[in-house]
Structures are given as structure tokens and as C-alpha cells.
Amino acid sequence: MDFRFLPMTENDKKEMLDTIGISSTDELFSDIPEKVRLKRDLNLKAPKSEADLKKELVQMANKNYNLKEYTSFLGAGVYDHFIPSVVDHVISRSEFYTAYTPYQPEISQGELQAIFEFQTMISELTGMPVANSSMYDGGTSLAEAVNLSAGQTRKKKVLVSKAVHPESQAVIETYGKGPNLEIVYIDHVNGLTDLDQLAKELDENTASVVIQYPNFFGQIEPLAEIRELLNQQPKSMFIVSSNPLSLGYLTPPGKFGADIVVGDTQVFGIPAQFGGPHCGYFATTEKLMRKIPGRLVGQTTDENGLRGFVLTLQAREQHIRRDKATSNICSNQALNALASSVAMSSIGKHGLKKMSELNMQKARYAKQKFVEEGFEIVTNGTFFNEFVVKLPVSVSVANEKLLEKGFIGGYDLASYYPELEGHMLVAVTEIRTKEEIDAFVKELGDIHD
Amino acid sequence: MTNQDFPLIFERSKEGRVSFNLPEIDVPEVDLEAELTDTYVRQEAPDLPEVSELDIMRHYTGLSNRNYGVDSGFYPLGSCTMKYNPKINEDVARLDGFSHIHPYQDPKTVQGALEMMYDLQESLKEITGMAGVSLQSAAGAHGEWTGLMMIRAFHEANGDFHRTKVIVPDSAHGTNPASATVAGFEAVTVKSNENGLVDLEDLKRVVGDDVAALMLTNPNTLGLFETEIVEMAEIVHEAGGKLYYDGANLNAIMGYARPGDMGFDVVHLNLHKTFTGPHGGGGPGSGPVGVSAELEPYLPKPLIVKQDDFYTFEYDRPQSIGRVKPYYGNFGINLRAYTYIRTMGAEGLKKVSEYAVLNANYMMRKLEKAYDLPYSQHCKHEFVLSGRRQKKLGVRTLDIAKRLLDFGYHPPTIYFPLNVEEALMVEPTETESKETLDGFIDTMLQIAEEAENNPEIVQEAPHNTVVKRMDETTAARKPILRYYKA
């Protein structure tokens, strides 16, 4: 097989061996002890030509039921939104996607400026003064926020609402084992955090309170009331995980005195791609600026006074501070942050509000249709673009039937909430049409009958 | 601001301009403001740009012209493996059947995706010689922490709660000690000897029944193979500790040796290095973790399993450390790595390591005449020079790096590893031609000559870039981390 990524010719090889003063490349590996040398070929599938491999992988992709061919009402943290064409054209420019982390600012101004713009947009959306250059995803960003709160307050108890994304809860638990955190879960009542229980648990040992807004069930948590509770324990930190698209219409968490706001910008220009890569964001106060995990880009000037950008406050980071770093994060999600920046620029100041509103209007229409069809809607508070419907059958049975009709149904809440057997979390984004919503509700109604 | 500043997207904004049109609303509208009340209706719109579609393309095209990737030119950045990013990877990752699938779809509707993940898990097990692999970790450092959490869980399951230390060599990547801290351990350093390898005597001194693990990259960050790896594994294992392999440097040994055979218990890989996931300007990466049979029960869940001919998730793993990330890892990057492995096969991957090592040794022998080479044995995929000879002439390694920019190269990694003075860490990778290496070598020799005869030209570099050296001190002292409208 010819290998098109390997430019070495026999002549080159001979000249290079001569320069080194050896006769075979084997000599370069002679320092590997005999005992641990691999004395057989690796057992992998045979290499394939570009044409053959592409054919095989297209077939493999075609085995998947995709969101472009099926009409989806599945959300639960990952959403199917419209992605403007400009996004992929920008992130396909190889000056961006084949670059390393911008450690050499003179030849990395493009990436650095793009990140600075991303930080500005996240700051605007969340109402927080400082945002970093990205985290792996919303879940790990939230877990880092929790660990930061424990380090900052020197307290171990963290109150996490059960209406936070259950996989984020799981990630918080794993991250919390490092500093030995005590995670206390606050129940939900019909999809909203139980404020009475929260008030009871909140005490002087509480490092932070973790709320999702809108929460996993799509409900808009009363941040103003939660802030009031927290005012009783002003040393405890207020951590809010937020879908940034919703902040086009909702009052941002910064206005409610959040200390850290995190989330995922997948909603802006990033396809679902089976759960990753997406893009976490992390925003906080001036006070916590020097404790923030991950990379930060700052504005400065060059020797001639020209404006430019550099990675800054690096004394927080692992490559400088090593074991004293605020986090071990190194690679982040830069290219996806770029995708989200392009999408946010494209959607724009007024488009964002409209897009956010359109999600809310369509979701309300769908909810109303379910009510008319005789379904019980379990979540009865105000919401963004998701709500919970109670079905007469299990969600998996319903989804199987929906699939036959060309629908990917909603999320089966029984997967994480045993008490919610037969409850479907339905997501309605701006790309769903009235006809699709009508047909979806009707199909589910037929299962009902 | 001078007229040569490149405008921010916000500075291109003009009220009323749009580049996005939503479909008209086709459902009856309800009064949202009444429903949400003033408290929850945003009163002030976030100040996103108002630009046209062409404005966006001009802006980001302009920014891309102020950036430098592997497709722009040679990128010998040590420890980063800046090899060519195959274009087929990008095409495959954009297929609707891969990019537009939801993580909560029924497994029977995503059999192609699960098959790819399963097959990748199996391939990585074979390449590393480990018993089990999880694809969940999002990047190298995330993989390190995942691995250490598994080691911690293993010790705790044995009732061993006193192993509080993790040993890292003085030449280790900064993420190693940082990951140890995040996993709740204390990082302790083991010294290198005069050959640039871990000092076995010092290892014996720091090892003990309070040590959870030794973290090691092999070849190490000097590009040298730890020849006493078998002895080191014995020392650590005898003391009850585990051996952790930082896979950042796997590009040197594929098909020649496997971490599992060397005695490593846990391995992470950087799929965005060795396996051509692009670096993306800093990410996303992917950091799968492999383990020995003994540690397999602790892998993050779910794993991808094959039951008869059906691929699905395995959640019932009671000893698992749990989730390290929502969903199943950076699927899109894993898919690119899979495409690469299938392009190369066993034969191709072994050639990758052969040529990566040949290229590095060739450059090292050509450059050792003009720059100090602290360790003179054959290197693996990278080598470390010292600029101390030039420093005596008043030219620092930073200056050499900046001078390289004038010639259109990305500089090597500088001032790392920490145990070499004025370090220049060069990793050419296997995808570069001899002509490219020769061009870079000539430039490096010229810069060495300039350092002697015309040091100012090096000290004042770069001369040809869009901005000159930046004032990093002010950036850190008075941080400006976002734009505010004037």
C-alpha cells in the first residue's frame, strides 16, 4: 500500500541514514529493551485506499438515523438548531483548524482575536464581566465551577439541584472525589427545584448552590428567590448552568448575582455529533478572575503600539504553575468556540432574541396541542423550549412507534429518574414547523388511544 | 487605536444589519412577557454584532490570514505532534449520518456510530497493549485525571487509603502534576540522571507505600527512550504503586513497542496528536484511556460493547469511577482518528513511527554543530537543543524562536522541558519531506550565524509579522479580557 501522508522516498531515507551514520532505522530503536519490543505486526484491519475507505465509512454513516432525515423532538441538553452556512465555511479554513494553541502571538492574532470576541459575547450573554476561552463542555465546566467554589470558600458541602442535567450531576460527583466534596441533592417538585429543601440544607458549611436555568426539564428556575435564600449565607457561591440561547430572552444569571455561570454553546453552530465535541463556556466575576480554569485571551499592544491579543494570566495554568494550577485543563474546544462565535455573529443582536422567542412560541404551541389531545403536562411552570408529557405507555415503546412514522421522539426521563416512568421530555426548536408538531402530537395521541 | 488595527467584529457592527433570517412564525403566538414577568424577561439585549453575511466572511477570512496552521507551513512544535491533518477525516466527520445524530437516540438507530466506537476501542487496545479502553475523556489532561481517578479507586477498593502521592519526573508535561492535584494527590518529583533518564536511585528514594502511581511518558519529553523501563516498573509495582503512561509521545513507538508490554497499568492517548485529529487552534482534542485487566472494572461508564452483532452501551459497571464527561466523548474527533487508523493500518502506523524518528535524528545531527545538544544518544520522535551557546552572545532562545517567524516557520517548543537551559524542543513529524527539513535546518544554521555576527537582527525579531512582540506584562497586570463599546 502507498501511504499518501508519508513523503519519504528510498533515496531520502538513504541520505538521511548516511548523515546519521547508521545503516538501518532499526538502529534508532535499539534502545528499546529486547524484552518489551513488539516482535509481531500489530493486528489491525488492513489499510484502505481513500476511495474504498470513504465508501465504507459512508455506508457506516448511513446505518445511523440522522436528524436531517428524521423529525426530532429530542433535546435534553443537545439540540438541533439551524446552523448558518457561514459557520462551516469559516471553521474549514485550515489556518484555523490546523493551528496549535496560540502560544506565538505574532502569527496567531487571528485565533487570539476570535477568542477575545468569543469571551466578549459570552460575557454579554451571561451578564458576567469575565469569560474564558472555552471548556470541554457544559458538564465538565460545571464540575470545574463546583471544585473552584470549594477551593475558594474552603468548604466541602455542595447543594446540587436534581433538576440539573443528570449527566452533569454524574460528572460533578466524579470531579468532586478529588477534593472529597460532600454532594447534597435537592429534589425537584414537578420539575422545579424544591426551595424549602434548599433553604433547609443551605448553611455555613455550604460552598455553593448549583442550579440550571432553564433546568433539565425546560423549566425556568426562580433565580431571584434562590438569590434571596443565598443572601442568608453570603459566603456560599451561586453557580448557574445556563443554555446560552435562552439568554436571548431571559434575564441573564449575572443580574441575579451569580458567582459563576457555565453552560454549553452547542446551540450556536455546533452539530449534535453524538454528544461531542461541543463547547463549554465559563463566566465569572472580576473577583474570581485569577482563579478561572483554562485559557484567557487579553488585549494589549505590540512594540509599535498596535492593538493585539495574547494568552494572559497564565500563572493560573498547568504549564506554568504545574501542581499548583487552578485546573489541569490544557486542550480546550477552541475550534468549536470559533464556530459558536461565527454563529452568534450571524444570528446577531436582534436575531438572538427572535430565535429565542421562536423556540418558546413553538414549544408553547406544542404543549397546547398535547393538552388538546388529552395529555397531562407534568411541568406546569414557565419554561423555555422543553416540557414533560406523561404517556400511557413507556417512552421506549412510544419512540419505537414514532420512529416508524419518521420521528425521533423525546427523551425518556425514566433513564435517570425512576419515578418518571412513562414521562417524555419534549424539545421543540425553531426548526420544527407547525405541520411537524401537529403530526407528532397526533401520532402520540394514536398510541394513547 | 491606530488605523492599522484589525477591527473587532463589534467594530464592524452597524445597527439594523443582519446576516441571519429565521423562518416566519407559523404558530399562534402567546404573550411571553406576561407569562415570564419583568423579573425574567431580559431588559437589555446582549450586545452581539449586527453585520451582513459578507461582513462575517471578510472578518473571519481576514483573521485566518493572521493565523498559522500546519497547512500554512512547517510546525516543529515539540511534544505537540503537529502532523498533517488528512482531508478525508474532515469529509467523513461532516457526513449527516455522523454529525447529525443525537446521543440519546435508541442504540438500534445509531449502529454505525457504535460500530465505529467499538472498532476504535479495539484498535487502541491493540496499539497500546491494554485490556480495556474508554473513549470518554475529552483531551490529554482529562485522560490523565481519568486514569489517576481509576488508580485511586483501585487502591481504595483494596482498603488502601494512604497512597496520597503521585511521582512525576522533573521533565514531565505540566499537566501531569496538575492532574495529580485535581485527582486529590500530592505530586512529588523524581530527578533525571546525567543521561536525561529517570534516576533509578532517586526513584527508589521517593517510592514507598504512600505512593499511588508513577506518571511517565516514554519516550520522555527529551525525546529519549527510558531504557530502564522494566526495572522502573518493577520498583513501582513492588511498592504497590501503579504505572501511568502519558501517551503524548506515542508517535515514536507505534508497532515497535507497546506501553502494556512495558508494564504500564494505565495509558492515555492524545488522538489529536498521534492520530491526526486537528488541533483546532487549541482543541477540541480527545484523550481515550486504556487500562490493564486489573483496572478494567474502574473504567468510566458507559463502555461500548458488542453483543452478537448488536452494538450497545454497557452501564452496569458497579466499580466504575462514573462519568468523566456527559455522553460518550468527543465522537467527532474519535471518528477522525478512526479514519486515520483505517487509512494506515499496522504497516502504515509502523512506518509513521519509523519516519518520525528518522526525521528527528536527521535534524538533530545536522543541528548539533551549531546548537548545544545536552544528550547525544539517538533520539526518538523529538529532540531538545539548548540555546546556552547563543545566550552567551546575548541571544536568547525566545529571540531564536521569534527570528524563525521571519522565515515563515512556526518555532519549536521553547523553555520546555524545564531541566534543559534555554530549551528548544523540535518535533518534525513523519509527514514532512526532506526538502522541508533541509530548509528549516539551513534557517536554523543561519540564525546561529546571525547570533554571532549580527545579534540585533535576532534580538529584534520578528520583522515581518502583522504585529511585533507583544506587551505581555501589561496584559497580565491590567487585564482587558473583553471588548466594551467606547
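Structure data summary
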{"read-out": "Scan of segment A:145-193 for residues that are charged (D, E, K, R) and over 22 Å from A:Leu229 (Cα atoms), ordered by number", "value": "A:Glu167, A:Glu173, A:Lys177"}
{"read-out": "Candidates B:Leu120, B:Leu95, B:Leu54 - the one that is within 20 Å of the chain's Cα centre (by Cα) and either of a type in the set (A, V, I, L, M) or under 30 Å from B:Arg12 (Cα atoms) (or both)", "value": "B:Leu120"}
{"read-out": "Every pair of residues 6+ apart whose Cβ atoms lie under 6 Å, when the first sits in segment A:148-165 and is more than 7 Å from A:Ala207 (Cα to Cα) while the second is surrounded by fewer than 21 Cβ atoms within 10 Å (Cβ to Cβ)", "value": "A:Leu148/A:Lys291; A:Leu159/A:Val184; A:Leu159/A:Glu201; A:Val160/A:Ile183; A:Val160/A:Tyr185; A:Lys162/A:Tyr185; A:Lys162/A:Asp187"}
{"read-out": "Set A:Leu142, A:Leu125: member being crowded, with 24+ Cβ neighbours inside 10 Å, modelled with pLDDT of 95 or more and more than 7 Å from chain B (Cβ to nearest Cβ)", "value": "A:Leu142"}
{"read-out": "Segment A:188-202 - residue that is over 24 Å from the mean Cα position of the chain (by Cα) and closer than 22 Å to A:Met424 by Cα and, of those, surrounded by the most Cβ atoms within 10 Å (Cβ to Cβ)", "value": "A:Asp194"}
{"read-out": "Subset of segment A:81-105 (residues that are touching a residue at least 60 places away in the same chain (Cβ under 8 Å) and either among the hydrophobic types (A, V, I, L, M, F, W, C) or touching a Pro at 6+ places or on another chain (Cβ under 6 Å) (or both))", "value": "A:Phe82, A:Ile83, A:Val86, A:Val87, A:Val90, A:Ile91, A:Phe96, A:Tyr97"}
{"read-out": "Among (1) over 30 Å from B:Glu226 (Cβ atoms); (2) within 8 Å of chain A (Cβ to nearest Cβ); (3) hydrophobic (A, V, I, L, M, F, W, C), the one test that B:Met82 misses", "value": "(1)"}
{"read-out": "Which numbered condition A:Glu111 misses (of (1) surrounded by fewer than 21 Cβ atoms within 10 Å (Cβ to Cβ); (2) at the interface with chain B (Cβ under 7 Å from one of its Cβ atoms); (3) within 22 Å of the chain's Cα centre (by Cα))", "value": "(1)"}
{"read-out": "Those residues of segment B:76-133 which are free of Cβ contacts under 8 Å to residues at least 24 places away in the same chain, under 30 Å from B:Pro297 (Cα atoms), part of a loop (DSSP other than H, G, I, E, B) and not aliphatic (A, V, I, L, M), in sequence order", "value": "B:His102, B:Tyr104, B:Gln105, B:Asp106"}
{"read-out": "Qualifying residue in segment B:55-73 (condition: within 30 Å of B:Ala248 (Cβ to Cβ) and more than 7 Å from chain A (Cβ to nearest Cβ))", "value": "yes"}
{"read-out": "A:Glu56, sole failed condition from (1) assigned to a helix (DSSP H, G or I); (2) within 7 Å of chain B (Cβ to nearest Cβ)", "value": "(2)"}
{"read-out": "Pair list, Cβ < 6 Å and 6+ apart or interchain, from segment B:426-440 residues that are charged (D, E, K, R) to residues that are assigned to a helix (DSSP H, G or I)", "value": "B:Glu430/B:Val352; B:Glu430/B:Tyr355; B:Glu430/B:Ala356; B:Lys434/A:Asp12"}
{"read-out": "So B:Leu398, is it away from every other protein chain (no Cβ under 11 Å), more than 17 Å from B:Gly439 (Cα to Cα), touching a strand residue (DSSP E or B) at 6+ places or on another chain (Cβ under 7 Å) and not in a loop (DSSP other than H, G, I, E, B)", "value": "no"}
{"read-out": "Subset of segment A:10-21 [at the interface with chain B (Cβ under 8 Å from one of its Cβ atoms) and either more than 48 Å from the chain's Cα centre (by Cα) or without any contact (Cβ under 8 Å) to a residue 12 or more places away in the chain (or both)]", "value": "A:Asp12, A:Glu15, A:Met16, A:Leu17, A:Thr19, A:Ile20, A:Gly21"}
{"read-out": "Selection count where residues are over 21 Å from B:Val324 (Cα atoms) and surrounded by 24 or more Cβ atoms within 10 Å (Cβ to Cβ), scope segment B:173-188", "value": "1"}
{"read-out": "Scope segment A:263-297; condition under 19 Å from the mean Cα position of the chain (by Cα), among the hydrophobic types (A, V, I, L, M, F, W, C) and under 19 Å from A:Ala325 (Cβ atoms); matching residues", "value": "A:Phe282, A:Ile292, A:Leu296"}
{"read-out": "Scan of segment B:178-201 for residues that are more than 24 Å from B:His378 (Cα to Cα) and either part of a loop (DSSP other than H, G, I, E, B) or away from every other protein chain (no Cβ under 14 Å) (or both), ordered by number", "value": "B:Ala183, B:Gly184, B:Phe185"}
{"read-out": "Residue selected from segment B:52-67 under the condition assigned to a helix (DSSP H, G or I) and among the polar types (S, T, N, Q), by the criterion surrounded by the most Cβ atoms within 10 Å (Cβ to Cβ)", "value": "B:Ser64"}
{"read-out": "Failed criterion for B:Asp160 (all others in (1) in a strand (DSSP E or B); (2) more than 25 Å from A:Ala145 (Cα to Cα) hold)", "value": "(1)"}
{"read-out": "Odd one out for B:Val70 among (1) farther than 30 Å from A:Tyr213 by Cα; (2) β-branched (Val, Ile, Thr); (3) loosely packed, with under 14 Cβ neighbours inside 10 Å", "value": "(3)"}
{"read-out": "Subset of segment A:59-84 that is of a type in the set (A, V, I, L, M) and assigned to a loop (DSSP other than H, G, I, E, B) - its residue that is surrounded by the fewest Cβ atoms within 10 Å (Cβ to Cβ)", "value": "A:Ile83"}
{"read-out": "Spans of strands (runs of 3 or more DSSP E) in segment B:260-375 with at least 3 residues buried (at least 24 other Cβ atoms within 10 Å of the Cβ)", "value": "B:266-269, B:289-291"}
{"read-out": "Subset of segment A:356-400 that is among the charged types (D, E, K, R) and not in a strand (DSSP E or B) - its residue that is nearest to A:Pro244 (Cα to Cα)", "value": "A:Glu357"}
{"read-out": "Among the candidates A:Val395, A:Val342, A:Val310, residue that is more than 9 Å from chain B (Cβ to nearest Cβ) and of a type outside the set (S, T, N, Q)", "value": "A:Val395"}
{"read-out": "Count of segment A:373-396 residues which are more than 30 Å from A:Met121 (Cα to Cα) and in contact (Cβ under 8 Å) with a residue 24 or more places away in the chain", "value": "14"}
{"read-out": "Strands (runs of 3 or more DSSP E) wholly inside segment A:212-284 that include at least 3 residues being of a type outside the set (A, V, I, L, M, F, W, C) and either crowded, with 24+ Cβ neighbours inside 10 Å or within 10 Å of chain B (Cβ to nearest Cβ) (or both)", "value": "A:280-284"}
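Every residue, every condition in (1) touching a residue at least 24 places away in the same chain (Cβ under 8 Å); (2) of a type in the set (Phe, Trp, Tyr); (3) in contact with a strand residue (DSSP E or B) (Cβ under 8 Å, 6 or more places away or on another chain); (4) not in a strand (DSSP E or B), yes or no:
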site	(1), (2), (3), (4)
A:Asn180	yes, no, no, yes
A:Tyr185	yes, yes, yes, no
A:Ala199	yes, no, no, yes
A:Asp203	yes, no, yes, yes
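The values are calculated or read from the model by the stated rules, or taken from the named source; none is laboratory data. Because the structure is a prediction, the values reported are computed rather than measured. Neighbour counts are summed over all protein chains in view; Cβ atoms, including those assigned to glycine, are modelled from backbone coordinates with ideal geometry.
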